[in-house]
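Here the structure is laid out as structure tokens; the discussion comes afterwards.
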Amino acid sequence: MEGYHSYGKACVPDQFASNESSLSIKLTVGIGVGLLVLLVGGSWIYWGLKKRKLIQLKEKFFQQNGGILLQQKLSNYQGSVETAKIYSAEELEKATNNYNESRVLGQGGYGTVYRGILPDNKEIAIKKSKIGSQHQVEQFINEITVLTQIIHRNVVKLLGCCLETEVPLLVYEFITNGTLSDHIHDKGRSFFLSWEKRLKIAAETARALAYLHSATSVPIIHRDVKTANILLDDNFTSKVSDFGASRLIPHDQTELNTLVQGTFGYMDPEYFHTSQLTEKSDVYSFGVVLAELLTGRMALSFNVPESERNLAKYFVSAVNDDRLFQILEDHIVNEGNIKLLKEVANIAKSCLSLRGEDRPSMKEVAMELEGLVIMEKHPWGNANVNIEEIENLLNAPTQSFNIDVGTSCSSNTTTGYDSMINQVLKPLDGGR
């Protein structure tokens with residue numbers, strides 16, 4: 001019969017079979033599309049919820065790491081601004097190869113410092129606090145607050161920070177040549193730390209401390225001056241670092257009553273006994289640094305006779321008894337001008353006076369050392385050291401900067417947090 005086929009089964013019209021097949025295909029496609037939409041929609045919802053949860057976690061860390069406190073502290077200080085960055089957690093993880101042990105530069109009570117490499121091959125140092133210590137968070141906030149007040153060529157530069165991780169992170173310029181302590185106390189290195197370099201490092205460190213005390217918008221006491229906190233670059237330029245213990249001094253005060261903090265061997269005995277922190281406490285610590293530079297000895301040693309364990313006492317006693325050249329490093333005596341060595345020793349001795357009022361200011365120390373550097377370079381014209389040249393060195397331009405961490409970081413909204421992580425430092429009006 002026309003239009004029908006028979007193969008031993010019921011005869012079905014061709015058109016009907018074709019429609020049934022088309023319907024089956026459409027149904028299969030429809031189910032597939034539906035499942036795909038469901039899958040995509042479900043994935044979108046999942047990733048959306050995951051992203052929101054991550055943002056909320058970062059907000060939590062921001063507040064936990066003192067972001068609100070940082071905002072409040074920084075709002076108290078105004079000044080001209082230098083740009084710096086708020087880094088993301090992902091950026092710093094990638095820069096340190098997920099904080100690989102091979103990237104560790106140093107460790108201490110504060111936490112760990114890592115070497116990082118950014119995509120543009122710029123090297124950075126990342127300071128990571130210890131987990132679960134409120135004191136570490138406070139020191140972190142304090143360090144940012146202090147470093148936002150000054151940029152100086154002899155102070156390590158703060159590049160930015162990260163508040164969105166479990167522990168706060170600070171990002172600094174990477175200083176290539178280690179610490180002054182490494183160079184003084186490593187016998188393989190100390191011989192190459194010439195007298196000329198030592199005098200230069202001393203003058204530059206004094207210059208930086210003088211700036212902290214008298215040329216910043218708010219005076220700053222470092223409170224932990226020591227050779228381990230003085231970094232050196234490839235040119236042996238001094239960079240004062242680690243401001244976690246530092247304090248800002250209101251203009252109407254000359255001292256602070258505070259919990260004693262610092263490093264034994266470098267700590268001002270007057271501050272230790274009275275808890276009265278003044279600028280002269282840094283002067284004492286700097287005197288110990290000078291004594292280290294001259295003698296190559298540790299600030300505290302326990303493998304020497306008891307009379308020699310405390311370098312400050314031992315050094316002052318040696319100068320008073322005219323035994324200075326018995327305790328100086330041999331190669332320094334051979335290289336240095338005897339008169340200049342005595343001058344530096346006398347500066348160190350005056351810095352190490354037991355009473356703060358008997359110590360010079362850091363500005364006076366810096367001026368004396370700058371004068372000695374000029375005399376070292378121009379020994380035949382040392383009678384006419386130019387005071388104006390020294391003043392100009394001490395009064396080189398410096399700037400302050402501030403961190404804009406956003407105006408809101410509420411846990412029930414992501415707007416404030418998003419604005420925080422997307423901002424860099426913004427200029428403030430009325431900068432000098």
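Restricting attention to segment 281-329 and to residues that are touching a strand residue (DSSP E or B) at 6+ places or on another chain (Cβ under 9 Å) and of a type outside the set (Ser, Thr, Tyr), the residue that is nearest to VAL344 (Cα to Cα) turns out to be VAL289.
Can you name every residue in segment 141-168 that is of a type outside the set (Val, Ile, Thr) and either modelled with pLDDT of 85 or more or surrounded by fewer than 17 Cβ atoms within 10 Å (Cβ to Cβ) (or both)? HIS152, ARG153, ASN154, LYS157, LEU158, LEU159, GLU166 - these are the residues of segment 141-168 that are of a type outside the set (Val, Ile, Thr) and either modelled with pLDDT of 85 or more or surrounded by fewer than 17 Cβ atoms within 10 Å (Cβ to Cβ) (or both). Counting the residues of segment 193-214 that are surrounded by fewer than 17 Cβ atoms within 10 Å (Cβ to Cβ) and either modelled with pLDDT under 90 or under 21 Å from the mean Cα position of the chain (by Cα) (or both) gives 1. Meeting the requirement of 1 or more residues that are more than 26 Å from LYS200 (Cα to Cα) and within 27 Å of the chain's Cα centre (by Cα), the strands (runs of 3 or more DSSP E) wholly within segment 236-333 are 255-257, 276-278.
Within segment 288-309, residues that are hydroxyl-bearing (Ser, Thr, Tyr) sit with their Cβ atoms under 8 Å from residues that are part of a helix (DSSP H, G or I) and crowded, with 18+ Cβ neighbours inside 10 Å, at 6+ positions apart or across chains, in these pairs: THR295/LEU311; THR295/PHE315; THR295/ILE327; SER301/LEU311; SER307/TYR314.
Of the residues examined, ALA318 is not one that is modelled with pLDDT of 95 or more and either buried (at least 23 other Cβ atoms within 10 Å of the Cβ) or on the phi > 0 side of the Ramachandran plot (or both). When you check LEU170 against the structure, is it assigned to a strand (DSSP E or B), touching a residue at least 12 places away in the same chain (Cβ under 8 Å) and touching a Cys at 6+ places or on another chain (Cβ under 6 Å), yes or no? Answer is yes for this residue. Of the residues contained in segment 274-289, none is found to be among the hydrophobic types (A, V, I, L, M, F, W, C) and over 20 Å from LYS363 (Cβ atoms).
The values are calculated or read from the model by the stated rules, or taken from the named source; none is laboratory data. All values derive from a computational prediction rather than experimental measurement. Here the Cβ is made from the backbone with ideal geometry for all residues, glycine too, and neighbour counts use every protein chain on show.
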